[in-house]
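Each remark here refers to the structure printed beneath this line.
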Amino acid sequence: MTKAEVLDVITVIVMAYPDRIKEDSVPGMVTAWLAFFGEDNPEIVKTAVMKHIACNKWPPSIAEIRENMVTLQNPDLVPPDVAWTLVAKQMIDSKFTSFGFSDDDLYDAFPPLVAKVVSDIGWATLNEMSRGQYCGYKNGQDRQTFLEHYTPEYKREMESAMLPAAVKTAEQRLISEHTAVLPTAPVKNEYWSLVNPYEN
């Protein structure tokens, strides 16, 4: 986005929330938005802003707009409740038996992140859990297990997708600099060797 395009978006926000944004804060908003949206497609940013304005009574934060942008550009990255609905529906409607899903089938049936988590847990395991007390599990164990695995993965993917390219690059550089100084193997503890009878 150019500075002029950012200013156009900020103007729309100010007009949509006339009582919420002070006029003297506009130059600072333009500077901040240019830093966070300068490398983005202006149409996607405008659409994300319009979506926010249509659904919210308060002006948007940068994070809210970036989150809207992720949902617009990554429809396969579904929130946890929707992901579980897809899995539960497939368990009820599926022609596949507990062991009938291969990894290829999973990726055909589900969005990529959902398929990955189902594969990690195991389709047969989730089916067994869905039978609840009949298989020694608590009722709802399948849902709980899926959400415990999926939710942190979803949050990581969302956070990564929300970051501007410049921030991602800086983050990767910092991580590589810090991991380069880590030892490659743990240092052997001499005291532990003396007291550990299983040490060779």
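Being open to solvent by 30 Å² or more (accessible area, probe 1.4 Å) and among the hydroxyl-bearing types (S, T, Y) is the filter here; which residues of the range 17-75 pass it?
Of everything in the range 17-75, those that are open to solvent by 30 Å² or more (accessible area, probe 1.4 Å) and among the hydroxyl-bearing types (S, T, Y) turn out to be S25, T31, T47, S61, T71.
So, of the residues in the range 114-128 that are open to solvent by less than 20 Å² (accessible area, probe 1.4 Å) and in contact with an Asp or Glu (Cβ under 7 Å, 6 or more places away or on another chain), which turns out to be modelled with the highest pLDDT?
Among them, the one singled out is V117.
Let me spell it out: the conditions are (1) assigned to a helix (DSSP H, G or I); (2) farther than 19 Å from P112 by Cβ, and N139 meets all of them except one. Which number is the exception?
(1)
Looking at the range 141-152, is at least one residue under 17 Å from the mean Cα position of the chain (by Cα) and surrounded by fewer than 14 Cβ atoms within 10 Å (Cβ to Cβ)?
yes
Hey, can you tell me all the residues within the range 45-86 that are part of a loop (DSSP other than H, G, I, E, B) and over 30 Å from D19 (Cα atoms)?
N74, P75, D76, L77, V78, P79
Name every residue in the range 3-16 that is among the aliphatic types (A, V, I, L, M) and surrounded by 12 or more Cβ atoms within 10 Å (Cβ to Cβ), in order of residue number.
V6, L7, V9, I10, V12, I13, V14, A16
The values are calculated or read from the model by the stated rules, or taken from the named source; none is laboratory data. On a predicted model such as this, the values are computed, not experimentally measured, just so you know. Here Cβ is always computed from backbone atoms with ideal geometry, including for glycine, and neighbour counts include all displayed protein chains. The protein model used for the area step is the full one, side chains on, heavy atoms only, and it has no ligands, DNA or RNA in it. Shrake-Rupley method; radii C 1.70, N 1.55, O 1.52, S 1.80 Å.
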